[in-house]
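The values are calculated or read from the model by the stated rules, or taken from the named source; none is laboratory data. Just so it is clear, the model here is predicted, and its values are computed rather than measured. Because the Cβ atoms are built from the backbone with ideal geometry, glycine has one as well, and the counts that use them run over all protein chains shown.
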Amino acid sequence: MKVKVKDIVGEGLDLERTLKAEELALTEIDCKFRSPLKITAHLDKATDEVIAKVAVDGTYAYECARCLEPVTVSRHDKFITYFDITPETELVDLGDEIRQEMVLALTVIPLCKKDCKGICPQCGANLNKEKCKCDPASQGPRPQINIEI
């Protein structure tokens, strides 16, 4: 998403684009995107830098880290990025910055809900949906990971 520096004048430049994740070099390894990404940006130019205020809206899918159920989430991410420029700078490329911010914004350990009970390590029962029929004595202690989502 390249922008000509000379187009950023006066009150700045407003952009609105709808892009597929692949156009920002985001892959299924990063996240499964279920909709094109709606990108809005406002760019301002100072003497030696361009300031970009960016918002990205999209729908993402992943598997819960505890119970492996599919989860779809709509997200709205905002960030500000800066580009150093010289009088010779013709273009700034928002694409790589947007990609990096999106990867950083993704949940490291995604959960379907804050108190997801996970699956039984013995029988594989989804403990959110059913009670485990295993002998509790044979399971040993279950580690509990507390993660805010």
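Odds and ends about this structure:
- Contacts under 8 angstrom Cβ, first residue in the range 1-13 being more than 14 Å from Thr47 (Cα to Cα), partner acidic (Asp, Glu) and part of a loop (DSSP other than H, G, I, E, B), 6 or more apart: Lys4/Glu90
- Scanning the range 20-49 for residues that are of a type in the set (A, V, I, L, M) and modelled with pLDDT of 80 or more yields a count of 5.
- Among the residues of the range 33-52, not a single one is touching a His at 6+ places or on another chain (Cβ under 6 Å) and either more than 23 Å from Ile119 (Cα to Cα) or not hydrophobic (A, V, I, L, M, F, W, C) (or both).
- Among the residues of the range 62-81, those identified as out of contact with any Leu (no Cβ under 7 Å at 6 or more places or on another chain), modelled with pLDDT of 85 or more and surrounded by 15 or more Cβ atoms within 10 Å (Cβ to Cβ) are Cys67, Glu69, Val71, Asp77, Phe79, Thr81.
- Only one of the numbered conditions (1) more than 12 Å from the chain's Cα centre (by Cα); (2) free of Cβ contacts under 8 Å to residues at least 12 places away in the same chain is violated by Gln100, and that is (1).
Condition check ((1) surrounded by fewer than 15 Cβ atoms within 10 Å (Cβ to Cβ); (2) out of contact with any Asp or Glu (no Cβ under 7 Å at 6 or more places or on another chain)) across all residues:
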site	(1), (2)
Gly12	no, no
Lys20	yes, yes
Arg34	yes, yes
Lys38	yes, no
Lys45	no, yes
Glu49	yes, no
Asp57	no, yes
Tyr60	no, yes
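- Residues in the range 1-33 that are among the aliphatic types (A, V, I, L, M) and in a loop (DSSP other than H, G, I, E, B): Met1, Ile8, Val9, Ala25, Leu26, Ile29.
- Where a residue in the range 55-72 is farther than 17 Å from Ala21 by Cβ and its partner, wherever it lies, is assigned to a loop (DSSP other than H, G, I, E, B) and of a type in the set (Val, Ile, Thr), with Cβ under 8 Å and at least six apart: Ala65/Ile109; Arg66/Ile145
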